[in-house]
Amino acid sequence: MLPGGAAEEDEMERTHIAVVVGSLRRESLNRKLANAVTKLAPEELSFTPLEIGDLPLYDQDDDRRQAPPVLRLKQAIRDADGLLFVTPEYNRSLPGVLKNAIDHASRPYGDNAWAGKPAGVIGISVGAIGTAVAQQHLRGVLAYLDCPTLGQPEVFLHAKEGFFDDAGEIADPGTRKFLSGFVERYVAWVKSHAR
Ligand SMILES: Cc1cc2nc3c(=O)[nH]c(=O)nc-3n(C[C@H](O)[C@H](O)[C@H](O)COP(=O)(O)O)c2cc1C
């Protein structure tokens, strides 16, 4: 397709969501959840995973010469219309890899890439309260960074055997319906913040 063609125009009209998964694990339940939830979204949304596994540990000394993976992360956030955080809970908070990514893209002072980006926060864990505490901590961090988060519905998922079927879809129809409802509210939330 030539530049400026119909496919490119369609692409420009789509709502672009950057997905941030707070786990680097190959078999991550949260990555599976991200994949399953994004499939419930309407065609007009496109999803791009943000790579956070290759970021260096944040060091304020590097603020004026941020590493290429940090600049790439910040550009990907800026290019997105909205953000979807899908994270596990580590020791009753958000995982260090996720906080590291958040810190990187928030700096240098005055150049916070997260500001104003509408976000959704969901997660799944093997614990009974399904990432509730991690999500509260994450919402606090995002509020400070001026990143508005959808309040309801909260999505705290408890991973049990058979939560995902062999194709990686959410097995239980009731949970699928609940997540479709979340996606509907999330899309409206992102659109209400359209630039
Ligand atoms: C360092 C560490 C801390 C954890 N702390 C919690 C916790 O506070 N609450 C919880 O529900 N699960 C906790 N878990 C279990 C995670 O829910 C489980 O490992 C989950 O599969 C992680 O998500 P992932 O599959 O996307 O990697 C912890 C796991 C690790 C490795």
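The values are calculated or read from the model by the stated rules, or taken from the named source; none is laboratory data. Note that this is a predicted model, so its numbers are computed, not measured. Glycine also receives a Cβ, built like all others from the backbone with ideal geometry; neighbour counts cover every protein chain displayed. Note: accessible area is taken over every heavy atom of the protein model, side chains too, but ligands, DNA and RNA are not part of it. Shrake-Rupley method; radii C 1.70, N 1.55, O 1.52, S 1.80 Å.
Using the scaling law 2.2 N^0.38 Å as the reference, what is the normalised Cα Rg of the chain? All intermediate terms of the calculation are to be shown ahead of the outcome.
Details: Rg = 16.7 Å, N = 195, 2.2 N^0.38 = 16.3 Å.
In units of the 2.2 N^0.38 Å rule of thumb, it is 1.03.
Using a cut-off of 10 Å between beta-carbons, work out the net charge of the residues near residue 147 (Lys and Arg +1, Asp and Glu -1, residue 147 not included). Can you show the working numbers first?
On the way: positive: 117, 139; negative: 146.
Taking every Cβ under 10 Å from that of residue 147, the sum is +1.
Given labels modelled 7 Å from the Cα in the Cβ direction, how far is it in nm from residue 109 to residue 13?
My value for the distance between the label points is 4.5 nm.
Can you tell me the relative contact order of region 71-149? Whole percent, Cα pairs under 8 Å, sequence separation 6 or more.
Working: 112 pairs, mean separation 30.0, N = 79.
Over region 71-149, the number comes to 38 percent.
If you count, for each residue, the other Cβ atoms within 10 Å and average over each peptide, how do 29-37, 159-167 line up from highest to lowest? Show your work: numbers first, answer last.
Working: 29-37: 21.6, 159-167: 11.2.
The most tightly packed comes first, giving 29-37, 159-167.
Hey, can you find the accessible area per residue of the chain for me, probe 1.4 Å, expressed in square angstrom? Mind dumping the intermediate values first?
Working: 10430 Å² over 195 residues.
Dividing the accessible area of the chain by its residue count gives 53 Å².
With labels modelled as points extended 7 Å from the Cα through the Cβ direction, what inter-label distance (nm, one decimal) is found for residue 71 paired with residue 171?
4.7
Excluding same-chain pairs closer than 8 in sequence, count the lysine pairs in region 69-195 whose Cα atoms lie under 19 Å apart. Display every interim value, and only then the final one.
Details: 74/99; 74/117; 99/117; 117/191; 160/177.
For region 69-195, qualifying lysine pairs total 5.
Among DSSP bridges having both ends in the chain, what percentage is antiparallel? Round to the nearest 5.
On the way: 2 of 21 bridges.
Bridges in the chain are about 10 percent antiparallel.
Which distance in nm do the two modelled labels at residue 191 and residue 92 give, with both placed 7 Å along the Cα-to-Cβ direction?
Between residue 191 and residue 92, the label points sit 4.1 nm apart.
Taking the Cα centre of region 13-85 as origin and charging only Cβ (+1 Lys, Arg; -1 Asp, Glu), how large is the dipole, in debye to the nearest 20?
Numbers: 11 positive and 12 negative charges, 49 e Å.
Computed about the Cα centre, the dipole is about 240 debye.
From Cα pairs below 8 angstrom and at least 6 apart in sequence, can you work out the relative contact order of the chain, rounded to a whole percent? It would help to have the intermediate numbers written out before the result.
Details: 307 pairs, mean separation 43.6, N = 195.
Normalised by residue count, the contact order of the chain is 22 percent.
Using 0.36 nm per residue, how much length does the chain from residue 129 to residue 27 gain when fully extended, once their Cα-Cα distance is taken away?
Working: separation 102, 0.36 × 102 = 36.72 nm, distance 2.08 nm.
Between residue 129 and residue 27, full extension yields 34.6 nm more.
Could you tell me what percent of the accessible area of the chain is made up of carbon and sulfur, with a 1.4 Å probe and every protein chain present?
Working: 5500 of 10430 Å².
Solvent-exposed carbon and sulfur of the chain make up 53 percent of the total.
Name the residues whose placed amide hydrogens come within less than 5 Å of the amide hydrogen of residue 84, ignoring near sequence neighbours (fewer than 5 apart) on the same chain.
Residues meeting the amide H criterion: 18, 19, 20, 120.
For region 131-195 and region 79-128, what is the separation of their C-alpha centers, rounded to whole Å?
Region 131-195 and region 79-128 have Cα centres spaced 13 Å from each other.
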